[in-house]
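Here's the structure we're looking at; comments come further down.
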Ligand SMILES: [Zn+2]
């Protein structure tokens, strides 16, 4: 298991200025300077490196994948051959963090930096490069900004970022929304490492897993911003059950759904079927989030930063809100004593989950995918790495979501809405 704290490349990588949360949300309005793994000086105008390049097309009428192909045949795919706005340029040392918000060039750098940072984090967890699922046709991912698109999606050779038009003629570009870019990169990781089903095309658990995995990629990568970790711990004193920032990720999702990682949803809610795979994803994401919190608690126990009585209280919390203030007081007390210890415990839990997910996803088969299979893969990984230290935590959290007890029903068609199974994301040539 490898650990990564975002500073591994310090001094050698390329600097970008990123908003951990979109600047139009209340919290985290200050951008943070981070380094991506591409060596300083290796990222060209665009930005562009050996894996991806960014462009801001002029007068691009249609998004890729769907709609009329201007070339007239098959799918509409990169590269964009028309005019583009002037690219973001590196400074004399090769960095992009000198760019200030408010220009298309800052947006381009932000989109690239977000995608590159997410890949960096997950390539550490996978302990090797993650190939693009479209690598046979395209060497690089095209990161495209398309303001007319009310969505963001990754597809065959492209990640296209649109945005949301607000009431007062405002526009919130998804290129500035780290969660959304990271979520789309998460889809690419799953396409590459798990693959697409070829036989079992109606398996809802595959699509629910896809959304869940993409959200988890965004969630875990967000925890690599030191400012996010600090804010979360300062706001909660490490009592993660009450914190809300982390679980509000993807709030401005393309589907305008609030996807809660700290949710209580269970599979029996979907026994008769599901309308949207984002909903079906929630029991799985919730189980993973609870595993993260439980492992964090184990780490705090080991470090003497949480007493067994506190753990007992937090276990009872869900059904008994009156314990909440007693528990919070205990967290406040302990956190004040040793904030660094809390930080280490959280980063270890983050890296535990990231590494376990990377190992487990590689064991899955897209055609046979089930939530139960995901749980079993995690148990296998845990057995191999810790001889089953966290087996009870994994089993209990999957059981609480009724994984293995209830199978979700079929997809219920929703008027005017398409799931990913028929979207531009999953279409491949031929
Ligand atoms: Zn998605």
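Readers should treat all values here as calculations from the given coordinates under stated rules, not as data from a laboratory. Since the structure is predicted, the reported quantities are computational estimates derived from the model, not experimental observations. Glycine also receives a Cβ, built like all others from the backbone with ideal geometry; neighbour counts cover every protein chain displayed.
Need one word for the range 13-193: rounded, prolate or oblate. Basis is the Cα gyration tensor (sqrt eigenvalues a ≥ b ≥ c); a/c below 1.5 gives rounded, then a/b vs b/c decides. It comes out rounded by the Cα gyration axes.
Give, in nm to one decimal, the length gained when the segment between residue 315 and residue 368 is fully stretched (0.36 nm per residue of separation minus the Cα-Cα distance).
Between residue 315 and residue 368, full extension yields an extra 15.7 nm.
Between the C-alpha center of the range 358-400 and that of the range 146-173 there is a gap of 35 Å.
Per-residue counts of other Cβ atoms within 10 Å, averaged by peptide: what ranking do you get for 332-339, 115-122, highest first?
For the peptides 332-339, 115-122, the packing ranking is 115-122, 332-339.
A simple spin-label model places pseudo-atoms 7 Å from Cα toward Cβ; at residue 139 and residue 272 they are separated by 5.5 nm. For 380, 279, the sequence from fewest to most other C-beta atoms within 10 Å is 380, 279.
Each label was represented as a point 7 Å from its Cα along the Cα-to-Cβ direction; for residue 171 and residue 396 these points are 5.0 nm apart.
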